[in-house]
Amino acid sequence: MKILVLNGPNINMLGIREPGIYGHDTYDSLVEMVRAHAGEIGVDVEFYQSNHEGDLVDAIQKAYFDGVEGIVFNPAAYTHTSVAILDAVKGTGIPTVEVHISAVEKREDFRQVSYIRLAAVKTITGHGLAGYNEAVDYLVEHFGSKNED
Ligand code: DQA
């Protein structure tokens, strides 16, 4: 199975940004953790991070043409604002798990809105970086080619 791990704005600042909320691990260590897990379970995983909304839309469209079968997606702040990103996921139909490192449901009111959730097959919040591996497992279990009959 081919999975794209897609991250939105400021996720490249993990380890620096608000460690009390997002922890001390860096973006590079997130990539290594997911890559190792994917390797163990035989999943082909790609990574992309951007601080720009249109770049994320482009990455979702590219994923479609590249035959990506699942997206693990933390749209970060664009979660709460972006119809364009919602439409990209809806438009490609790629099964997408929404991941948030923090427990967004326990935070500010403006974080209670999630556009991407309208297209997501599952949402994982508040599990820290482990949520990314859980999202990979969910996609493999529910959308992996071994389960297609
Ligand atoms: C986040 C939560 C968002 O509200 C925030 O804008 C982020 C990160 C998370 O992973 O907890 O940048 O998506």
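The values are calculated or read from the model by the stated rules, or taken from the named source; none is laboratory data. Note that this is a predicted model, so its numbers are computed, not measured. We place every Cβ from the backbone using ideal geometry, glycine too, and count neighbours over all the protein chains shown. The area values use the complete protein model at the heavy-atom level, side chains included, leaving out ligands, DNA and RNA. Shrake-Rupley method; radii C 1.70, N 1.55, O 1.52, S 1.80 Å.
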Selection within the range 104-138 - among the β-branched types (V, I, T) and under 17 Å from I85 (Cβ atoms): V104, V113, I116, V121, T123
Residue match in the range 6-21 (condition: of a type in the set (D, E) and away from the ligand (no atom under 12 Å from the Cβ)): no
Hits in the range 118-149 - residues which are basic (K, R) and either surrounded by 13 or more Cβ atoms within 10 Å (Cβ to Cβ) or in contact with a Cys (Cβ under 6 Å, 6 or more places away or on another chain) (or both): K122
Matching residues in the range 88-117 - criterion: being within 13 Å of the ligand (Cβ to nearest atom), in contact with a Leu (Cβ under 7 Å, 6 or more places away or on another chain), part of a loop (DSSP other than H, G, I, E, B) and open to solvent by less than 30 Å² (accessible area, probe 1.4 Å): I101
Out of K106, K90, K122, sole residue that is touching an Asp or Glu at 6+ places or on another chain (Cβ under 8 Å) and among the charged types (D, E, K, R): K122
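One line per residue, one yes/no per condition, for (1) of a type in the set (D, E); (2) touching a strand residue (DSSP E or B) at 6+ places or on another chain (Cβ under 6 Å); (3) over 17 Å from I60 (Cα atoms):
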| position | (1), (2), (3) |
| --- | --- |
| G70 | no, yes, no |
| P75 | no, no, no |
| A84 | no, no, no |
| I94 | no, yes, no |
| V99 | no, yes, no |
| Q112 | no, no, yes |
| T123 | no, yes, yes |
| Y138 | no, yes, yes |
| G144 | no, no, yes |
Residue count, the range 18-33 (criterion: surrounded by 11 or more Cβ atoms within 10 Å (Cβ to Cβ), among the β-branched types (V, I, T) and assigned to a helix (DSSP H, G or I)): 1
Residue, surrounded by the fewest Cβ atoms within 10 Å (Cβ to Cβ), within the range 47-86, restricted to residues that are in a helix (DSSP H, G or I) and touching a Pro at 6+ places or on another chain (Cβ under 6 Å): A77
Any chance I3 is open to solvent by less than 60 Å² (accessible area, probe 1.4 Å), without any contact (Cβ under 8 Å) to a residue 60 or more places away in the chain, within 22 Å of I116 (Cβ to Cβ) and not aromatic (F, W, Y): no
